[in-house]
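Participant: There's a structure below that I have some questions on.
All of the numbers you see were taken from the coordinates with simple rules; none came from a lab. This one's a predicted model, so the numbers in the text were calculated from it and none came from an experiment. Counting neighbours? That spans all protein chains shown, and the Cβs are built from the backbone with ideal geometry, glycine included.
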Amino acid sequence: MSYRTLDAAKILKTLRTLEQRIVERFPGAGLAAVCSDLIAIGEDTQRDAQAIAAPNWPLRLIVYLAVAAGLAGLGVIAWEINVQLGNAEVFSFFQGVEAVMNITVLVGAALLFATTVDDRIKRRQALGKLHIFRSIAHVIDMHQLTKDPGSVLDGPRTESSPVRSMTKFELTRYLDYCSEMLSLASKLAALYAQELPDAVVIDAVNEIENLTASFSRKIWQKISIVEAHVGGDPGILTAR
């Protein structure tokens with residue numbers, strides 16, 4: 001068993017356990033549905049990340065054929081120059097040298113494009129898949145938005161105040177579940193960087209991790225306020 005790479009199966013197992021915890025603690029809560037969607041995304045991620053990172057053999061075959069054709073063309077021109085040089089046709093020789101230089105530049109540019117086109121395709125596919133993690137991170141953040149510590153503190157309500165029926169204990173659990181879900185979402189996103197260590201993909205994954213970490217910091221600020229109001233009773237804050 002390796003502890004140096006992320007295991008998609010273990011991440012999904014943790015997510016399913018988290019979903020069950022949410023359902024048991026908050027039956028009918030929308031947060032459980034969000035967790036279920038994240039599990040579905042995780043199942044797709046495991047498959048998609050491996051598929052994107054897999055070699056594109058048809059494209060590679062085309063690249064190999066293009067390389068062979070370019071080298072063959074250079075060989076033909078070099079042979080013709082050799083023949084011309086043997087016949088002492090100086091003007092034709094320099095024409096041949098110029099042709100070789102032009103073809104070399106064109107073949108080099110074509111080879112550079114061909115050898116990087118596979119990476120560009122994989123990168124575009126990965127970036128398209130990673131976008132969904134930004135979206136679900138914002139969805140999770142929306143679910144904790146109204147879970148304000150003020151709801152468990154004494155204070156008057158207004159007519160527009162949202163219904164808040166959670167106890168201090170329930171509020172800390174709900175916020176903790178949101179934080180866990182954000183962390184697991186970022187770990188799923190990291191699977192793309194693990195399978196496809198492309199600089200652009202890694203930067204995109206880092207942005208997602210920064211986004212989820214920022215949301216989690218807001219959540220833990222709320223939890224800290226509740227802890228301070230509760231008085232730091234460890235029994236309330238360790239139960240899951």
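Participant: To the nearest 0.05, what FRET efficiency results for Asn206 and Arg124 with a Förster distance of 22 Å applied to their C-beta separation?
Facilitator: Working: r = 18 Å, r/R0 = 0.83.
The pair Asn206/Arg124 has a calculated efficiency of 0.75.
Participant: Can you compute the modelled spin-label distance between His229 and Ala69, with each label point 7 Å from Cα toward Cβ, in nm?
Facilitator: Taking the two extended label points, one gets 7.1 nm.
Participant: Further, regarding this structure: What FRET efficiency, computed as 1/(1 + (r/R0)^6) with R0 = 41 Å and r the Cβ-Cβ distance, is obtained for Val139 and Lys10, rounded to the nearest 0.05? Before the final figure, lay out each step's value.
Facilitator: Values: r = 24 Å, r/R0 = 0.57.
Efficiency for this residue pair is about 0.95.
Participant: Here's a follow-up. Can you sort Tyr3, Tyr192 by how many other beta carbons sit within 10 Å, fewest first?
Facilitator: Values: Tyr3 5, Tyr192 27.
By the 10 Å Cβ count, ascending, the order reads Tyr3, Tyr192.
Participant: Go through 46-53, 168-175 and give me the packing order, highest mean Cβ count within 10 Å leading.
Facilitator: On the way: 46-53: 16.2, 168-175: 19.8.
The packing order, highest mean first, is 168-175, 46-53.
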